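Okay, so here's the structure we're looking at.
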Amino acid sequence: MSSPTPDALLGPADVRELAAALGVRPTKQRGQNFVIDANTVRRIVRTAEVRPDDVVVEVGPGLGSLTLALLEAADRVTAVEIDDVLAGALPATVAARMPARADRFALVHSDAMHVRELPGPAPTALVANLPYNVAVPVLLHMLDTFPGIERTLVMVQAEVADRLAAGPGSKVYGVPSVKANWYAEVKRAGSIGRNVFWPAPNVDSGLVSLVRRSEPLRTTASKAEVFAVVDAAFAQRRKTLRAALAGWAGSAAAAEAALVGAGVSPQARGEALTVEEFARIAEHKV
């Protein structure tokens, strides 16, 4: 693997210069906050444990700060970018700053939520600074669509990071926590300050690590069936499961039968259950 030039990564002046040349102004609508600190992107790559044989998919690469750091460490990087101007500019940025690695880079100009296939070898890792407003749906979609993704490290709003990594019994445990845990072991992997972004957001960010389960969750229920129980349980999270799952089961009595069959108290609430327990409830729907 050829070594990139020492100043290949983007610093604050580079980011602003690139943005000015492209006429880019970060938009709140797309949750755009560009990383302007080379040490931060190197830390993300290190925390993600990116290996020389990894094929990394990155969602929302923006001006390319993290992309370049990933190209230093991985075998290949495929970036998915929805923004027309940013997607048009990124290949040229990679070619100019890391010419020896440009042939290991691919760009997909698309909304990540619509991506069903990627060029080249299947991705083994997902590393991304996810736009705050779509972080959870994009993360779940990518994990579902690309089963070869073994390791994921995403930077998201701190509040979202807490939700994703929360365990049963936590106040912030909810739908994102359970669904992420269906695919992976999830944990917080650090915090990121506001001053490494341009523009500086008014919230802190957090890193979340997801390591895919070595074997899928053992259940006879489908993912859709399990997720239907999860959605119903948290739609009315203050209600007991007997009441919250009445609509899903057809009646409160049918919900109680499924709960008892699954070995779960009908008086429990969704925030107390593991993903395995939700799967057992789905299995016992009559």
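Estimated at 0.36 nm per residue, the fully extended path between Arg194 and Ala13 surpasses their Cα-Cα distance by 63.4 nm. A straight line joining the Cα centroids of the stretch 245-286 and the stretch 153-216 runs 27 Å.
For the Cα trace of the stretch 144-284, dividing Rg by the Kirkwood Rh returns an Rg/Rh value of 1.04. Per atom type, the stretch 221-282 shows carbon and sulfur on 53% of its accessible surface, probed at 1.4 Å. Labels on offer are (i) 31, 23, 18; (ii) 40, 19, 15; (iii) 66, 19, 14, and the one holding semi-axes √(5λ) of the Cα gyration tensor in Å computed from this structure is (ii).
Per residue, the chain exposes an accessible area of 45 Å² to a 1.4 Å probe, with every protein chain left in place.
For the stretch 103-209, go through all pairs of different Cα atoms, get the mean of 1/r, take its inverse, and jot down that Kirkwood value in Å.
Hydrodynamic radius (Kirkwood, Cα only) of the stretch 103-209 equals 14.7 Å.
Model label points for Ala96 and Ala21, set 7 angstrom from Cα along the Cα-to-Cβ axis, are 0.1 nm apart. Apolar share of the accessible surface for the stretch 121-182: 58 percent from carbon plus sulfur atoms, 1.4 Å probe.
Taking 7 Å steps out from each Cα toward its Cβ at Val85 and Glu49 produces label points 3.9 nm apart.
Please report the equivalent ellipsoid semi-axes of the stretch 1-159, computed as sqrt(5 x eigenvalue) of the Cα gyration tensor, largest first, in whole Å.
Semi-axes (√(5λ), whole Å): 21, 19, 15.
Can you find, among Ala95, Thr145, Thr124, the residue sitting farthest towards the positive end of the charge dipole of the stretch 60-215, where Lys and Arg contribute +1 and Asp and Glu -1 at Cβ? The residue sitting farthest along the positive end of the dipole is Thr124. In the stretch 221-282, the convex hull through the Cα atoms has an average projected area of 3.3 nm², a quarter of its surface area.
Excluding same-chain neighbours fewer than eight residues apart, the aspartates and glutamates reachable from Lys179 by a Cα-Cα span under 17 Å are Asp144, Glu150, Glu159, Asp162, Glu215, Glu225, Asp231, Glu271, Glu276, Glu277, Glu283. For the chain, adding -39500 (n - 2.57) for each run of n ≥ 4 DSSP H residues and dividing by the number of residues yields -11500 deg cm²/dmol at 222 nm.
Computed over the chain with a Gaussian network model linking Cα atoms closer than 10 Å, the most mobile of Ala96, Ala189, Ala21 is Ala21. Provide, for q = 0.22 Å⁻¹, the log10 of I(q)/I(0) from a solvent-free Debye sum over equal Cα point scatterers in the stretch 130-190. Here the Debye-derived log intensity ratios amount to -0.88.
On the basis of the beta-carbon distance and an R0 of 41 Å, Thr220 and Asp103 show a calculated FRET efficiency of 0.35. The percentage of C-alpha pairs in the stretch 7-80 whose separation is greater than 21 Å is 26%.
The values are calculated or read from the model by the stated rules, or taken from the named source; none is laboratory data. Because the structure is a prediction, the values reported are computed rather than measured. When we count neighbours, we look across all protein chains shown, and the Cβ atoms used for this are built from the backbone with ideal geometry, even at glycine. In case anyone asks, the SASA skips ligands and DNA or RNA and just uses the protein heavy atoms, side chains included. Shrake-Rupley method; radii C 1.70, N 1.55, O 1.52, S 1.80 Å.
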